[in-house]
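Asks: If you scroll down you'll find the structure; I have some questions about it.
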2 protein chains.
Amino acid sequence: MSSNPINTKSRILDVTWNLLENGDKTVRMSDIAKAAGISRQALYLHFPNRAELLVATTRHIDVVKNVDARLERSRSATSGVERLHAFIEGWGGYIPQIHGMSVALRAMRSTDKEAAAAWNDRMKAVRHGCEAAVQAISQDGSLTRDLTEEAATDLLWTLLSVENWERLVRDCGWTQSAYEKTIKQTAEAALLSQS
Amino acid sequence: MSSNPINTKSRILDVTWNLLENGDKTVRMSDIAKAAGISRQALYLHFPNRAELLVATTRHIDVVKNVDARLERSRSATSGVERLHAFIEGWGGYIPQIHGMSVALRAMRSTDKEAAAAWNDRMKAVRHGCEAAVQAISQDGSLTRDLTEEAATDLLWTLLSVENWERLVRDCGWTQSAYEKTIKQTAEAALLSQS
DNA sequence: GTGTCAACTTTACACGGTGTCAAGCAAAGT
DNA sequence: ACTTTGCTTGACACCGTGTAAAGTTGACAC
């Protein structure tokens with residue numbers, strides 16, 4: 001063979017990730033091909049379309065950055081509040097690394113069903129983490145009486161959205177640590193019964 | 001004249017608004033033309049491009065729905081908290097009516113500079129309202145010591161984003177009143193010093 | 001009633017980006 | 001020698017936006 005196919009495939013994923021996170025403009029298939037050092041058509045030999053390339057890239061990032069381990073850490077927390085903090089740190093700290101990816105995937109949602117499904121899947125996983133934190137708080141008896149567990153989960157999930165991170169960190173110029181600190185405070189203020 | 005040009009122009013705006021709010025799919029220029037009962041090309045006789053049509057439509061909605069009056073009402077509030085409530089009601093209640101518009105405009109941000117500017121302008125206006133509410137709270141001496149006025153404005157602004165409304169009302173199935181109630185509670189919990 | 005203007009029509013095409021198709025080529029494996 | 005694998009080049013269809021040009025129709029002026 002002229003080159004190792006496995007290397008090419010993962011090189012495409014690396015390059016796609018890199019372009020999405022560091023590229024200023026919109027990333028076209030031809031940009032990715034050029035950066036990977038192959039022809040645009042060769043891209044379609046590895047991935048059937050743009051959506052699947054993006055989805056594969058998210059999975060690739062997850063493996064490299066080990067999201068599972070990141071989010072798993074919050075499970076070892078004893079109290080609900082600790083768990084909340086650990087989850088906000090875990091997910092909130094992951095956002096900057098998938099932000100470019102997230103923008104591209106979200107932009108495809110309107111036209112591509114598969115991209116929408118991929119994004120929803122990832123968000124469902126985050127919601128699941130929120131749910132676990134809320135349940136831990138509830139079991140501590142610290143959940144505010146104003147919210148059901150489901151409503152509290154929805155609210156926390158919304159608070160932790162990539163869009164909110166974008167606005168505070170990228171648009172408003174907050175530092176990552178200011179973001180995490182304030183989101184923790186806000187989440188606590190909104191979810192915990194003041195006692 | 002074969003028909004009144006002013007009627008045609010405002011008919012286009014009405015129809016665009018209607019399609020954006022009620023149409024399921026992505027709205028193309030040809031969809032708008034068809035709905036307005038004119039040829040696609042005639043659209044370009046009234047608006048130079050898609051971005052300007054969308055921008056004109058937002059202005060049109062503003063006039064019809066009288067946003068200014070809506071948001072102005074919060075100025076008459078006496079206390080900071082009252083002002084916060086009035087603003088959340090005013091803006092939060094406006095979101096559902098411009099939601100479709102917002103989606104379309106935001107989708108163009110990446111490619112069209114003018115669309116991005118138009119959206120940023122509108123968001124700047126909302127931020128200004130947030131700032132006024134925060135200042136009123138601050139003057140009451142009720143602003144939490146954890147946040148500067150600017151950070152509090154950023155946070156409130158983020159809380160009141162169209163994206164958060166989308167998630168809670170559209171994705172999570174909250175009613176408009178549940179949304180408004182919970183956002184008020186959350187904003188109060190996050191911004192006010194607990195005394 | 002002839003002429004002009006304005007609103008709009010039809011037809012055609014350029015452009016950018018995605019995705020498809022087909023033929024060819026070069027190196028590695030057997 | 002021959003096949004397979006991983007690519008290349010080149011061409012093309014599709015879609016949506018935007019442009020260009022020539023033609024139609026009705027209202028109004030004189």
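The values are calculated or read from the model by the stated rules, or taken from the named source; none is laboratory data. Since the structure is predicted, the reported quantities are computational estimates derived from the model, not experimental observations. Cβ coordinates were reconstructed from backbone atoms using ideal geometry, including for glycine residues, and neighbour counts include every protein chain displayed. Side chains are part of the model used for accessible areas, which takes the heavy atoms of the whole protein and leaves out ligands, DNA and RNA. Shrake-Rupley method; radii C 1.70, N 1.55, O 1.52, S 1.80 Å.
Asks: Amide H neighbours of A:Leu192 under 5 Å, at least 5 residues apart or on other chains, H built in the peptide plane: list them.
Replies: The list, which skips near neighbours in sequence, is A:Thr144.
Asks: May I ask you to find the residues of the stretch B:118-155 that are shielded by at least 50 Å² of accessible area once the whole protein assembly is considered instead of their isolated chain (probe 1.4 Å)?
Replies: B:Asp154, B:Leu155
Asks: Can you give the accessible area buried between chains B and A, summed over both chains, with a 1.4 Å probe, in Å² to the nearest 100?
Replies: The contact between A and B buries close to 2100 Å².
Asks: Relative to the compact globular guide of 2.2 N^0.38 Å, what is the alpha carbon radius of gyration of the protein assembly as shown, as a ratio? Don't skip to the answer; put the middle values down first.
Replies: Details: Rg = 23.1 Å, N = 390, 2.2 N^0.38 = 21.2 Å.
That works out to 1.09 for the protein assembly as shown.
Asks: 7 Å along Cα→Cβ for the label point: how many nanometres lie between A:Val64 and each equivalent label in the other copies, listed shortest first?
Replies: Going from nearest to farthest copy, the values are 4.7 nm.
Asks: In Å³ and rounded to a whole number, note down the convex hull volume per residue for the Cα atoms of the stretch B:5-47. If you can, show how the numbers build up before the last one.
Replies: Values: hull volume 2.5 nm³, N = 43.
Residue-normalised Cα hull volume stands at 58 Å³.
Asks: Between the helical axis of B:50-65 and the dominant principal axis of chain B, each derived from Cα atoms, what acute angle in degrees is found, rounded to the nearest 10?
Replies: It is inclined by approximately 60 degrees.
Asks: Ok, one more. Using the alpha-carbon atoms, what tilt in degrees (0 to 90, nearest 10) does helix B:149-159 show relative to the longest principal axis of chain B?
Replies: Relative to chain B, helix B:149-159 is tipped by roughly 50 degrees.
Asks: Considering only the label points, 7 Å along Cα→Cβ from Cα, what distances in nm to one decimal separate B:Lys25 from the same position in each other copy, shortest first?
Replies: Copy-to-copy label distances at B:Lys25, shortest first: 3.0 nm.
Asks: Roughly how many Å² is the accessible area per residue of chain A, as a whole number, for a 1.4 Å probe?
Replies: On the way: 9730 Å² over 195 residues.
Computed with neighbouring chains in place, this is 50 Å² per residue.
Asks: Still on this structure, I have one more. Let me know the Kirkwood hydrodynamic radius for chain B, please, with Cα pairs as the basis and the value in Å to one decimal. Could the numbers behind the result be given before it?
Replies: Details: mean 1/r = 0.0550 Å⁻¹.
After inverting the mean inverse Cα-Cα distance, the result is 18.2 Å.
Asks: Here is the link list: B:Lys25/B:Lys184; A:Lys34/B:Lys113; A:Lys25/B:Lys9; A:Lys25/B:Lys113. Which ones come out longer than 24 Å on Cα distance?
Replies: Numbers: B:Lys25/B:Lys184 33 Å; A:Lys34/B:Lys113 26 Å; A:Lys25/B:Lys9 34 Å; A:Lys25/B:Lys113 12 Å.
From the list (B:Lys25/B:Lys184; A:Lys34/B:Lys113; A:Lys25/B:Lys9; A:Lys25/B:Lys113), the Cα-Cα distance tops 24 Å for B:Lys25/B:Lys184; A:Lys34/B:Lys113; A:Lys25/B:Lys9.
Asks: Can you give me the angle between helix A:5-22 and the longest principal axis of chain A, using Cα atoms only, in degrees from 0 to 90, rounded to the nearest 10?
Replies: Roughly 60 degrees, rounded to the nearest 10.
Asks: Put a label point 7 Å from Cα along the Cβ direction on A:Gly93, then list its distances to the equivalent points in the other copies in nm, shortest first.
Replies: 4.4
Asks: Take the solvent-accessible surface of the protein heavy atoms, probe 1.4 Å, and return the percent of it on chain A that carbon and sulfur atoms account for. Present the calculation step by step, with values, prior to reporting the outcome.
Replies: Numbers: 4750 of 9730 Å².
After summing per-atom areas, the C and S share lands at 49 percent.
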